[in-house]
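Following: one structure in structure tokens, then a few remarks.
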Amino acid sequence: MAACLIGLGRNGEAKPLIVDCLAHHREALGEDHHETLRTGYVLGVICFNLGEYQTAKDILESTASSQRNVLGEDRKDSLQSMHILALALDALGDTRAACDRLRTTWQILVNSFGRNDPDTTHVGKDLDRLCARLGEPPIAGISRLG
């Protein structure tokens, strides 16, 4: 049901369901189980979409750290958490830290999945957008790729 609500953009209604799901996963599966980590990511995204940037940052920092330790830093789940974490940092006004985080995430994506991977392209566009806001040249050069 939560997935349907999220798909409909009804994040506020989905959030309590995901909070309950996360608590259940933690209890039944443990903190470091991949389903627990995935649910933590989903909650972080919901909080981000609701404009709860500090909460999203806190959740995603914890989730991304656990994902890197358990799954590896080059796994898509880990990289997706790092991406949204960077966007939360930017929304909180720390564009420099966000840009640095996106740079690292983008480089791992390029090395692991190539420049034409959809996630690589998406992160690269966000990276170049933040570079432009900081008055820096683009790093990913996505606009040159098409």
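Computed from the coordinates by the stated procedures, all read-outs in this text should not be read as laboratory data. All of these numbers come straight from a predicted model, not from anything done at the bench. No Cβ is skipped: glycine too gets one built from the backbone with ideal geometry, and neighbour counts run over all protein chains shown.
Site pair T104 and D58 shows an inter-label distance of 2.2 nm when each label is modelled 7 Å from Cα along Cα→Cβ. For segment 1-37 versus segment 77-91, the inter-centroid distance based on Cα atoms is 18 Å. Summed over qualifying helices (DSSP H, 4 residues or more, each -39500 (n - 2.57)) and divided by its residue number, the chain shows a 222 nm mean residue ellipticity of -25500 deg cm²/dmol. With θ taken as phi - 60° and the Karplus curve 6.51 cos²θ - 1.76 cosθ + 1.60 applied, the whole-hertz 3J(HN,Hα) list for segment 111-127 is 5, 8, 10, x, 6, 8, 5, x, 5, 4, 4, 4, 5, x, 4, 5, 4 Hz, x standing for glycine and proline. In order along segment 19-31, phi translates into HN-Hα couplings of 4, 5, 4, 5, 4, 5, 4, 4, 5, 7, 10, x, 4 Hz, rounded to whole numbers, per the Karplus curve 6.51 cos²θ - 1.76 cosθ + 1.60 with θ = phi - 60° and x for Gly and Pro.
Largest GNM mean-square fluctuation across G12, G30, G135, computed for the chain with C-alpha springs under 10 Å, falls on G135. In the neighborhood of H122, defined by Cβ-to-Cβ distances under 13 Å, what is the net charge if each Lys or Arg adds +1 and each Asp or Glu adds -1? Computed value for this residue: 0. Taking a ≥ b ≥ c as the square roots of the eigenvalues of the Cα gyration tensor, the chain is classed as prolate, since a/c reaches at least 1.5 and a/b is larger than b/c.
Each residue of segment 52-61 was assigned a 3J(HN,Hα) from its phi angle through the Karplus curve 6.51 cos²θ - 1.76 cosθ + 1.60 (θ = phi - 60°); the sequence is 8, 5, 5, 5, 4, 4, 4, 5, 6, 4 Hz, with glycine and proline shown as x.
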